[in-house]
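Take a look at the structure below.
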Amino acid sequence: MVGGFEVGAVPFNPDGWGPPDATASTTTASNLPLNVPFAPFSRSDKLGKIADWTRNFNNPTRPKNAADAVFDFTADDSFPASADDDSTFRLVDGKPPPRPKFGPKWRFQQQRQLPQRRDEEVEARKREAEKERARRDRLYHLNRSNANNTRREAAVFKSSVDIQPEWNMLDQIPFSTFSKLSFSVPEPEDLLLCGGLEYYDRSYDRITPKNERRLERFKNRNFFKVTTTDDPVIRRLANEDKATVFATDTILSTLMCSPRSVYSWDIVIQRVGNKLFFDKRDGSQLDLLSVHETSQEPLPEAKDDINSAHSLSVEAAYINQNFSQQVLIRDGNKVTFDEPNPFANEGEEVASVAYRYRRWKLDDDMYLVARCEVQSVVELNKQRSFLTLNALNEFDPKYSGVEWRQKLETQRGAVLATELKNNANKLAKWTAQALLASADMMKLGYVSRVHPRDHFNHVILAVVGYKPRDFAAQINLNTANMWGIVKSIVDLCMKLNEGKYVLVKDPSKPQVRIYEVPADAFENDYVEEPLPEEEQAQPPTEAADGDATAVTNDVEDQQTDAQA
């Protein structure tokens, strides 16, 4: 028990409230208890406790401290001498924190950390994007400052045929005028079907990147790229006055899709009497397939590079020929037509192909006959359907930005969209050829290199089928506009005098030019510059025999042997 507490004398103030005047306070100051802190305060200050009787000093584990006294106010924030400003005053709630309604505490701790982690990931992605952008800028400036830049531009934007000084330019037509043309033609009629077709192997429709198939080589099958005037069937039809305009599906599709073309191309036009023949030169670029023609990413400059524009064109032609034969059921069962293959010698093995000689009515007294190709046939519900077979090829994912092996199964639409952006002209020409041949289905194969630096070995990753009319609508290919372009070119050429002309796509501008050329131009002794360049770029014999057949096609004997 604490000793007695003496209050002391309390002075009385008869004049009012509060302590008496100073005269009396001097006497009372000596009566104040000792060891009581005193500090002056104003009316706005908070008054603390005089004594704290709630402290518990009976805890034996608590260390004894001289400051633990009843009148120890060093920890009391009511006195400015032992506390900070009033802004530090906090009312502490002694209640335990409420328990969460669901889930353990670590969930909430992780949720509080997630935003910070997400921010770190975003920052990391930004840094990676900046590095990639800087790398592309360096490559861009490196290409810009490269000493061989002029040679690269000359190679990429080179004209497909050398314009001779004696040639007379008659007209030039910008592509902007083609977009406004429209012409509707009635349904065509089949005049003749030649060749033989093998059935399509439907097991290739189930191919995925996980069970890819190796692309085979067909060295013994001959492929033919015969021009219009060297076709014996077209000569016979011309002698019978079946039409006034003659062409092939390759030439017509080039004209129809010309506004989408970037590379230079040329078509030879011969006006003989009242007839018009659209031809291609020997070794023309029309025999090859462009790769990344409409892409914004520039291809390597060196001509001997496996990823140069010309090397990829040869590789694409080689892939397409082999793909069109591999996806067939090669059991000897063929669908034959009115006549055999008009370009094959007796006894030789030819590729599966059928030629449909079809006639369209362009005007009251003007008809067009074209040789159209289909590569296979399939029988559904006792009804035959014709197929065209083409293959897109992946050479290096760095250029396209999409890796087929990863995206084909999950994002096939993204892969097709990328190909439509980079190869708009090639896909449009394939679609136009399928429409001209009235094919019921066009099969697109996705063929990739085994390794990006190996352009001899390839694998088939997928095969997808499309209806030509639906696919044409998907890629915004208007058939009325296609025929409008052909009709305008035909009308223009029918006004010309008899002779030989060449229609050339300008190598650097979106326009075509018509030149009048000598009658002996493009004959056998008229050697064009692209021919030796193509021969130099051919793959070796053991790896790319199909390549050579696509490039060194000899129109004179109307066949290509499968040896480089």
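The values are calculated or read from the model by the stated rules, or taken from the named source; none is laboratory data. Since the model is a prediction, treat every value here as computed from it, not as a measurement. Cβ: placed from backbone, ideal geometry, glycine included. Neighbour counts: every protein chain shown. Quick note on the areas: whole protein, heavy atoms, side chains included, nothing else; ligands and nucleic acids left out. Shrake-Rupley method; radii C 1.70, N 1.55, O 1.52, S 1.80 Å.
Descriptive notes on the structure:
- Residue check: Pro188 meets all listed conditions (1) open to solvent by 70 Å² or more (accessible area, probe 1.4 Å); (2) touching a Phe, Trp or Tyr at 6+ places or on another chain (Cβ under 6 Å) but one, namely (1).
- Residue, nearest to Glu315 (Cα to Cα), within segment 479-499, restricted to residues that are in contact (Cβ under 8 Å) with a residue 60 or more places away in the chain and loosely packed, with under 15 Cβ neighbours inside 10 Å: Ala480
- Pick from segment 242-288, criterion within 20 Å of Pro174 (Cβ to Cβ) and among the charged types (D, E, K, R), ranking: surrounded by the most Cβ atoms within 10 Å (Cβ to Cβ): Asp266
- On the stretch given as segment 436-445, residues that are at negative phi and surrounded by fewer than 23 Cβ atoms within 10 Å (Cβ to Cβ) total 3.
- Selection of segment 164-176 for residues being in a loop (DSSP other than H, G, I, E, B) and surrounded by 14 or more Cβ atoms within 10 Å (Cβ to Cβ) yields only Trp167.
- Within the set Ser179, Ser160, the sole residue that is open to solvent by less than 30 Å² (accessible area, probe 1.4 Å), modelled with pLDDT under 90 and either of a type in the set (Asp, Glu) or under 28 Å from the mean Cα position of the chain (by Cα) (or both) turns out to be Ser160.
- Residue in segment 372-384 that is nearest to Asp201 (Cα to Cα), counting only those that are open to solvent by 10 Å² or more (accessible area, probe 1.4 Å) and not in a loop (DSSP other than H, G, I, E, B): Val378
- Condition check for Ala391: among the small types (Gly, Ala, Ser) and part of a strand (DSSP E or B): yes
- Considering segment 449-553, the qualifying helices (runs of 4 or more DSSP H), each wholly inside and each with 1 or more residues that are at pLDDT below 50 and over 30 Å from Pro186 (Cα atoms), run over 530-536, 545-551.
- For the residues Lys505, Lys509, the requirement of being on the phi < 0 side of the Ramachandran plot, open to solvent by 30 Å² or more (accessible area, probe 1.4 Å) and not aliphatic (A, V, I, L, M) singles out Lys509.
- Count of segment 326-365 residues which are open to solvent by less than 20 Å² (accessible area, probe 1.4 Å) and of a type in the set (A, V, I, L, M, F, W, C): 9
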